[in-house]
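Values in this text are rule-based calculations from the coordinates and carry no lab data. The structure displayed is predicted, hence computed values, not measured ones.
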């Protein structure tokens, strides 16, 4: 198997599909929508997996999980997401209330470099911004004359990470994840006359970069002959985003009226402390039950703006998995699995006195090749975000996630490190 060639072809084909057209009204606020999906094996279990361990799948839910990988194998995964969203609320046009997109979301690799030491690197999203709407504005002193304000935003924050995990005494794993956060938010405001001719435009670009460290811990053991039990925890400290804003104002003929750079922005300039805990229990290597709780202390940033403010975020999720195994040379080999999950998410955004909540469920199916390390993971997610009351917008969405996992054996010429 030509690993480099596979990664290149899969990545390029995925990037050709990345055409983001989904509007996300709440991404206007803060640093955009925080991405709570991992686009990996846990997607079908509502991304529940802080305590989950696997010897072949790459679980970014907890950096401590990478010590469970098989020895002498190079692993890789890519993830894609297709989404359909319907919008409801007093300001939504019922004739144009749906959007859809397909986006490339994840590229990660991993390997066991020593018997107890696993490492991984990759590219993942942290947050995204994508919105577009119109707002009529009456000009003071000119009764009856109305101009249109057209708002548009896009961009987001991504992270390149390098994670390491080490296993102690066959029951404890400690992981450290070093990420480089980078990205920008582009926000445009265009003033238009009644014929939608451009009168004036304002373009605001805010760039953000910094290192971000998060930590993980997993304790795992057997209970009798039939049960496997694990506990997991994650932590990340408060981190500066070092945002810098540039503002450009253009006249209708594109004459530059203002160009101000290196400004201190009015958006969030830090990420708060975050905590997570999880539990997983497996019976006979077939039936697995999981639960996670996550918390981020956004209120400590003391940020508010017009009709919204930051509020501590909490996410609860549970997952279920049923695996089908086949005995090969006295070893159990997994051939397929079914999954289901449920989540309840209280986001970090409070708008018009309402904390934006996201509730939904997932189902998943995984199929593993019997002859190679190729595997396919498909999950379907349905959720409801926000409310249509209090001048807000409700989103009802369906997501289809596809993750492809692949691998190859290395150091096979008699050389072993265990």
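Below, the figures for the structure above:
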| read-out | value |
| --- | --- |
| Highest-MSF residue in the chain out of 334, 132, 145 [GNM, Cα springs under 10 Å] | 145 |
| q = 0.11, 0.18 Å⁻¹, region 153-255: log10 I(q)/I(0) [Debye, one scatterer per Cα] | -0.59, -0.92 |
| Rg [Å, one decimal], Dmax [Å, integer] - region 275-418, C-alpha atoms | 21.0, 68 |
| Rounded, prolate or oblate (a/c below 1.5 giving rounded, otherwise prolate when a/b exceeds b/c) for region 38-191 by Cα gyration tensor | prolate |
| On Cα atoms only, tilt of 3-16 relative to the major axis of the chain in degrees | 30 degrees |
| Euclidean distance of C-alpha centroids, region 348-377 and region 60-89, integer Å | 9 Å |
| Rh by Kirkwood over Cα pairs, then Stokes-Einstein D for region 3-409 at 1.306 mPa s and 10 °C, µm²/s | 70 µm²/s |
| Cα gyration tensor shape for region 180-227, rounded if a/c is under 1.5, else prolate or oblate | oblate |
| Span from the region 170-234 Cα centroid across to the region 109-150 one, whole angstrom | 12 Å |
